[in-house]
Amino acid sequence: MEMMNPAAALSHRDSPSASAPSAAELAAVAVGFRIRHLGISTVRGTFSGCCAHVERADGGLRIEGTVDVASVVSGNDIRDSRLRGEFFEADRFPHMAFTGTLADGADRLEGELTIRAMTRPLTLRVTREVLPGGSLRLVAEGELSRTAFDLDWGALREAGRLVVADRVKVRAEAVLAPDGARLRAA
């Protein structure tokens, strides 16, 4: 399978009929989140177990990604253990997955996110940046409702008030290597 030239993903984004190779070599993938805690602080986290696949599709890019939920890191071991066990139920639902399409010339990635066997639509804002050496960075950002995925448990409520916000800000970043190049994950 041919590699996608990252510059082609940019230069051809306004031309659906432009020919481009069929798949991209991903050099790095990162997924993170932010959520308000007690209304006064923000908890940030990342997932170290991420993989993605990007292909040229009719009129744009088809993007698929998978995250190992047990790889969550928020900087607090007790919280991370509770996220893995009680929140994500990593033993029963080890992965979350996203599938979407980024149309040529668009700045919105339209897709579906699956968490704990529940699939919901998710739209992410996308920015593109050509990096030195010809790699292409795609950054996708958006927001989701954790309760839409039934991500709730009693510990999130204290004395009848919400301890953790419902809205979660998410960010995914992928770096596509230039044709033939192999780069290490950052």
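Filtered by the rule that a residue be without any contact (Cβ under 8 Å) to a residue 60 or more places away in the chain, aliphatic (A, V, I, L, M) and crowded, with 16+ Cβ neighbours inside 10 Å, the range 44-62 gives a lone residue, Leu61.
Residues that are in contact (Cβ under 8 Å) with a residue 12 or more places away in the chain and not small (Gly, Ala, Ser) were ranked within the range 27-42; the one that is farthest from Val139 (Cα to Cα) is Leu38.
At pLDDT 90 or above, outside any helix (DSSP H, G or I), over 19 Å from Val43 (Cβ atoms) and in contact with a helix residue (DSSP H, G or I) (Cβ under 6 Å, 6 or more places away or on another chain) - does that describe any residue in the range 118-127? Among the residues of the range 118-127, at least one is at pLDDT 90 or above, outside any helix (DSSP H, G or I), over 19 Å from Val43 (Cβ atoms) and in contact with a helix residue (DSSP H, G or I) (Cβ under 6 Å, 6 or more places away or on another chain), which makes the answer yes. Of the residues that make up the range 88-97, is at least one touching a residue at least 24 places away in the same chain (Cβ under 8 Å), in contact with a Leu (Cβ under 9 Å, 6 or more places away or on another chain) and assigned to a strand (DSSP E or B)? Yes, the range 88-97 contains at least one residue that is touching a residue at least 24 places away in the same chain (Cβ under 8 Å), in contact with a Leu (Cβ under 9 Å, 6 or more places away or on another chain) and assigned to a strand (DSSP E or B).
For the range 106-121, give me each residue that is within 17 Å of His95 (Cα to Cα) and aliphatic (A, V, I, L, M). The answer is Leu113, Ile115, Ala117, Met118. Condition check for Arg108 on (1) on the phi > 0 side of the Ramachandran plot; (2) surrounded by 15 or more Cβ atoms within 10 Å (Cβ to Cβ): one failure, at (1).
Evaluated against (1) farther than 17 Å from Ile63 by Cα; (2) surrounded by 14 or more Cβ atoms within 10 Å (Cβ to Cβ); (3) at pLDDT below 90, Leu136 falls short on exactly one condition, (1).
Kindly indicate whether Ala23 is out of contact with any Gly (no Cβ under 7 Å at 6 or more places or on another chain), surrounded by 15 or more Cβ atoms within 10 Å (Cβ to Cβ) and at pLDDT below 90. Taking the combined requirement at face value, the residue satisfies it.
Residues checked against (1) within 16 Å of the chain's Cα centre (by Cα); (2) closer than 24 Å to Ala106 by Cα:
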residue	(1), (2)
Leu26	yes, yes
Ala30	yes, yes
Gly39	no, no
Thr42	no, no
Cys50	yes, no
Arg56	no, yes
Thr66	yes, yes
Val73	yes, no
Glu86	no, no
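The values are calculated or read from the model by the stated rules, or taken from the named source; none is laboratory data. Given the structure is predicted, the values throughout are model-derived calculations rather than measurements. With ideal geometry, Cβ positions are generated from the backbone for all residues, glycine too; neighbour counts draw on all protein chains shown.
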